[in-house]
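The values are calculated or read from the model by the stated rules, or taken from the named source; none is laboratory data. Predicted, not measured: the structure shown is a model, and the values here were computed from it. Note: ideal-geometry Cβ built from the backbone for every residue, glycine included; neighbour counts use all protein chains shown.
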Amino acid sequence: MGFLTPETTDERDALATFASQQVRQLATALHGLTPEQIRETPSASAMSLGMLARHAILMAEGAALHIAAAPEMGSPAPRTPEQYQAEGGITPEAVREGDTAESLIAELRTAADALEAAIRAADPDEKGPFPDQPWFEGRKLWTVRWYAMHQIEEHARHAGHADIIRESIDAKGTYELNALAEGGTWPPEGW
């Protein structure tokens with residue numbers, strides 16, 4: 001994967017590549033952790049890396065469905081608002097009993113692939129309806145372009161948040177984790 005986002009060729013490629021890269025960066029923050037460590041809350045944040053991963057998975061999967069359904073509303077999630085909150089990483093219960101760093105990394109990569117594929121397949125000018133959620137403040141329609149940029153924005157926030165939590169656990173930073181996740185060593189030769 002690499003620390004830097006790969007080169008892109010056009011707008012759709014850039015939107016898809018950058019959106020998936022941010023989800024994948026969050027996955028990198030989980031590299032090498034124990035089940036106990038993905039549940040730790042070592043910083044002032046109430047979030048653990050497991051909670052953050054579960055939230056990002058739910059967000060990316062939902063966004064992929066909404067983008068793929070445009071101009072119609074994506075399939076509503078088959079859960080109550082309380083279940084959404086629990087599944088969305090807002091509570092410790094969002095982290096499932098069998099969750100491991102490896103299982104969450106795999107789910108994040110699958111969610112990143114789905115989000116990337118949905119953006120690549122969509123017309124950036126296609127419009128879709130906003131879900132009826134208070135954080136969208138009365139907005140009615142979005143373009144795929146806007147929604148893809150919103151995914152980049154949201155997942156970049158979460159990837160940065162994951163970096164802080166991870167550094168609080170074992171002081172490993174993003175450059176080091178990317179190298180280790182790709183089978184490299186840290187620091188690289190010549191540094």
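Remarks
- Just one residue in the set ALA27, ALA14, ALA56, ALA64 is under 12 Å from the mean Cα position of the chain (by Cα), closer than 12 Å to GLU116 by Cβ and not hydroxyl-bearing (Ser, Thr, Tyr); that residue is ALA64.
- Any hit, segment 100-112, residues being at pLDDT 95 or above and touching a Ser or Thr at 6+ places or on another chain (Cβ under 6 Å): yes
- Count of segment 69-99 residues which are of a type in the set (Gly, Ala, Ser) and at pLDDT 90 or above: 1
- Among (1) under 23 Å from LEU4 (Cβ atoms); (2) over 13 Å from the mean Cα position of the chain (by Cα); (3) of a type in the set (Asp, Glu) - the single one ASP132 does not satisfy: (1)
- Of everything in segment 146-191 that is without any contact (Cβ under 8 Å) to a residue 12 or more places away in the chain, acidic (Asp, Glu) and exposed (fewer than 15 other Cβ atoms within 10 Å of the Cβ), the residue that is nearest to ALA29 (Cα to Cα) is GLU153.
- So MET51, is it more than 14 Å from HIS155 (Cβ to Cβ), modelled with pLDDT under 95, crowded, with 18+ Cβ neighbours inside 10 Å and in contact with a Pro (Cβ under 7 Å, 6 or more places away or on another chain): yes
- Within segment 1-40, considering residues that are part of a loop (DSSP other than H, G, I, E, B) and among the small types (Gly, Ala, Ser), the one farthest from GLY184 (Cα to Cα): ALA29
- Members of segment 1-20 found to be of a type in the set (S, T, N, Q) and in contact (Cβ under 8 Å) with a residue 60 or more places away in the chain, listed by number: THR17, SER20
- Filter pass, ALA106 being closer than 30 Å to LEU33 by Cα, assigned to a helix (DSSP H, G or I) and in contact (Cβ under 8 Å) with a residue 60 or more places away in the chain: no
- Residue within segment 101-109 that is in contact with a strand residue (DSSP E or B) (Cβ under 8 Å, 6 or more places away or on another chain) and either surrounded by 19 or more Cβ atoms within 10 Å (Cβ to Cβ) or of a type outside the set (Asp, Glu) (or both) present: no
- Output for segment 35-59, where each listed residue is β-branched (Val, Ile, Thr) and under 13 Å from SER103 (Cβ atoms): ILE38, ILE57
- Qualifying residue in segment 138-159 (condition: under 16 Å from GLY50 (Cα atoms) and outside any helix (DSSP H, G or I)): no
- Some residue of segment 134-142 being at negative phi and modelled with pLDDT of 85 or more: yes
- Residues of segment 114-145 satisfying the condition of being among the acidic types (Asp, Glu), closer than 20 Å to ALA56 by Cβ and loosely packed, with under 15 Cβ neighbours inside 10 Å: none
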